[in-house]
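Before any comments, here is the structure.
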Amino acid sequence: MSQPTNTLQIDNVMHESRKFEPPIEFVRQARISGLQAYENLYREAAADFEKFWSGMARTELHWFRDFDATLEWNEPFAKWFTGGKTNACYNALDVHLGTEAWERTAIIFEGEPGDQRTLTYRELHGEVCKFANVLKSLGVEPGDVVSIYMPMVPELAIAMLACARIGAVHSVIFGGFSAEAVAERNNDAQAKVQITADGGWRRGKILPLKQTVDEALKKSPSVRTCIVLNRCNQDVAMQAGRDFWWHELTAAASTDCPATELDSEHPLYILYTSGSTGKPKGIKHTTAGYLLYTKLTFRWVFDWRPSDIYWCTADCGWVTGHSYVVYGPMANGATIMMYEGAPNFPQEDRFWEIIERYHVTILYTAPTAIRAFMKWGDHHVEKHDLTSLRLLGTVGEGINPEAWIWYHEMIGGERCPIVDTWWQTETGGIMLSPLPGAIATKPGSCCKPLPGIFAKIVDETGKEVPTNAGGWLVITKPWPGMLRGIWGDDDRYREVYWSKVPGNYLAGDNARMDEDSYIWIMGRIDDVINVSGHRLSTIEVESALVSHPAVTEAAAIGRADDLKGQAIAVFVTLKSGEPNDEMRKELKAHVRKEIGALAVPDDIRFTNALPKTRSGKIMRRLLRDIAEGREQVGDTTTLEDYTVLANLRDDDA
């Protein structure tokens, strides 16, 4: 009898051989210096990972009461540092009292209109204490959920930290979501208080945040109080007894607010992620393990130094903003850059102008943004001095090699290591990444697991796949920053993340591991194209297209095909050339040359923009619906620009 074939294994058709060693000067000064240092740390964690994490927890965090046990693991439910008492806000602010960080700038803020503010750690501590006292005066108690729907301004971070200080659970909702999306999240979390602003600036216009909240609160019966920040001097409706101005509430509030001693597993926040179907999932993170993990990974991955000006361009409405704008950097005493607006307002050089003016040293941004910068043109970069930069990072999705090379050459001047980071809302912090002073980088690879993280690539039976064969990425042991469940839905948590490969966390991504044990993400498990029995990764097809000099961005999906099972359909945004049949032929020939006849697209559709979430991820399931002539299904509340869908549907190409 013949053996059943492995239906999961994905064909690897992309070959990227370039490799970049860490610059010698960078290695000399790095916190983790040289490959041997990384390997020693990794081996230490592997030998006894509970001992490793308990040692880190006692060294890195302030404890009101020491913990009794490092880990209680009742698969799939973890409790880290049980019995311990701590506070995330105390570890982000109060620990710096009496150190040089106390008078260091914590936040450098620039609004889209050009207004500027700075807050030292001492000043930030005072503002957080005042707002924490406001929340307490409104009856907010430990465990209550506070919904935050604000622009990217310092008060957003202040609100998050104030919640953490008193044990309230914050639920930050990105300030571009609809009233329906806000209400849905408020109701699922049973939020008690809503924090918002009159508006926020985006591409020269004011987003009417309070107006959206008013609509949402008509359907959010659990919310009894709404606090409104005056950001844009808008004339907004204020409902007596429910709505209060931030500045009026804080005017007389005390700057003395002792941090509440909280259990290590006390919920810190809920963050909702949108699934392809069904209601959004409320990812729950708790206090001690999450804070420890974000603090350490920030320092390891970004090789942070007290002199750095660090800019993560993510909004705090996403997990990147939680972990690498607020909690991770502030637990280290870092100076963070915070910008409210769009990268192309008033001109396409806004980011480079900010980097030059503030002497930013570390830039952490998304591949989607990088590809947009490429499309806008090198001349926007060339007129600015970016020599202050010493490290670059990418986050949000896999970066194709050509965008990586552009980032390396144009933004980093060929001197800055690039940390291509893989992680998720669910993981809490970075899981796979090169350490910039220790690990040579390969364009398009997130390289290696961080110390204390154990990953492998498996088939559907849980068996590891051969080198360079594609399979499912799983994490084999619990880690401190991991999600503690889906808010109010333990069954869904178990089913989504732990049921398919028992004993392992299923990330939901396809990946492969090469001969150097480097990991390459190959797209979501659902983003695989099955062509004539061959399983192809969407990322590899897209990378081949983007390597063509005329292409800025591409998205590949599989559509139903009677002969092949699935045909390859691609959506392409050009930076040069005409979107015509000649260009289609040229691109097909280019893919054939790059990765072979098997991956040549059957359909190529040109578009000025791709449908993306507000965090920059391409919504491939919507493209699949378009390619197959269906109306879109599932959750579209995260879509950045609905006109993109309309334009694609009107395109008969």
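Secondary structure note: in the chain, about 60% of the DSSP beta bridges are antiparallel.
Axis of helix 35-47 versus longest Cα principal axis of the chain: the two differ by about 70°, to the nearest ten degrees. Checking Cβ-Cβ separations below 4.7 Å across the chain identifies C89, C163, C226, C232, C312, C316, C416, C446, C447 as cysteines lacking any candidate disulfide partner. In plain terms, the residue of L587, L41 with the fewest other Cβ atoms within 10 Å comes first and the most crowded comes last, giving L41, L587.
For D243, nonlocal amide neighbours, meaning residues 5 or more places apart or on other chains whose placed amide H falls under 5 Å from its own, are C226.
Take the residue pairs K383/K442; K281/K612; K477/K500 and return only those whose Cα atoms are more than 21 Å apart.
Values: K383/K442 29 Å; K281/K612 19 Å; K477/K500 15 Å.
Going by Cα-Cα distance, K383/K442 fall outside the 21 Å limit.
Computed extension gain for I206 through R415, at 0.36 nm per residue and net of the alpha carbon distance, reaches 71.4 nm.
Placing a pseudo-label 7 Å from each Cα along the Cα-to-Cβ vector at L598 and E141 gives an inter-label distance of 6.2 nm. Please report the spacing between the Cα centers of the range 398-441 and the range 118-147 in Å, no decimals. Each part reduced to its Cα centre gives a spacing of 35 Å. Over the range 396-512, Cα pairs under 8 Å with separation of 6+ residues give a relative contact order of 20 percent.
Taking Cβ atoms as reference points and 12 Å as the exclusive limit, the residues near L41 contribute a net charge of +1, counting Lys and Arg as +1 and Asp and Glu as -1.
Using only Cα atoms, locate the centre of the range 39-84 and the centre of the range 262-339, then give the distance between them in Å, rounded to an integer. Here the answer is 19 Å between Cα centres. Each label point was placed 7 Å from the Cα along the Cα-to-Cβ direction; for A237 and R357 their separation is 3.7 nm. Our coupling estimate for the range 214-224, obtained by passing each phi through the Karplus curve with A = 6.51, B = -1.76, C = 1.60 and θ = phi - 60°, is 4, 5, 5, 6, 5, 10, 10, x, 6, 7, 9 Hz, Gly and Pro reported as x.
Taking the Cβ of R58 as the centre, find all other residues whose Cβ is under 14 Å away and add up their charges (Lys, Arg: +1; Asp, Glu: -1).
Numbers: positive: K51, R65, K85, K295; negative: E50, E60, D66, D68.
Cβ neighbours under 14 Å give a net charge of 0.
The DSSP beta bridges internal to the range 42-185 are antiparallel in roughly 75% of cases. Cβ-to-Cβ counts within 10 Å put T607, T120 in ascending order as T120, T607, the fewest first. Checking (i) 31.7; (ii) 37.8; (iii) 28.5 against mean projected area of the Cα convex hull in nm² calculated from these atoms, the matching label is (iii). For the range 298-305, putting each phi into the Karplus relation 6.51 cos²θ - 1.76 cosθ + 1.60 with θ = phi - 60° gives couplings of 4, 5, 5, 6, 9, 6, 5, 10 Hz, in residue order, rounded to whole numbers and with x for Gly and Pro. Counted residue by residue at 0.36 nm each, then reduced by the alpha carbon distance between them, the extension gain from K279 to Q36 reaches 82.9 nm. Kindly express, to the nearest 10 degrees and within the range 0 to 90, the angle between helix 581-595's C-alpha long axis and the longest C-alpha principal axis of the chain. In the chain, helix 581-595 runs at an angle near 90 degrees to the longest axis.
Counting other Cβ atoms within 10 Å as a rough exposure proxy, the listed residues I457, I430 run I457, I430 from fewest neighbours to most.
The GluC sites (Glu not before Pro) found in the range 582-622 include none that occupy coil by DSSP while having at most 14 further C-beta atoms within 10 Å. Extending 7 Å from the Cα toward the beta-carbon at both S222 and D66 defines two label points whose distance is 3.8 nm. Taking amide H as placed 1.01 Å from N in the peptide plane, the amide H of G393 sits under 5 Å from that of L363, Y364, T365, V419, each at least 5 places away or on another chain. In order along the range 100-116, the phi-based Karplus estimate (6.51 cos²θ - 1.76 cosθ + 1.60, θ = phi - 60°) of 3J(HN,Hα) comes to 5, 5, 4, 9, 6, 5, 8, 10, 9, 10, 10, x, 4, x, x, 5, 10 Hz; Gly and Pro are listed as x. Using the Cβ-Cβ distance between F77 and K51 with R0 set to 30 Å, the FRET efficiency from 1/(1 + (r/R0)^6) comes to roughly 0.90.
Only the coordinates and a few stated rules stand behind these numbers; no lab work does. All of these numbers come straight from a predicted model, not from anything done at the bench. Ideal geometry is used to build each Cβ from the backbone, glycine not excepted, and the neighbour counts take in all protein chains shown.
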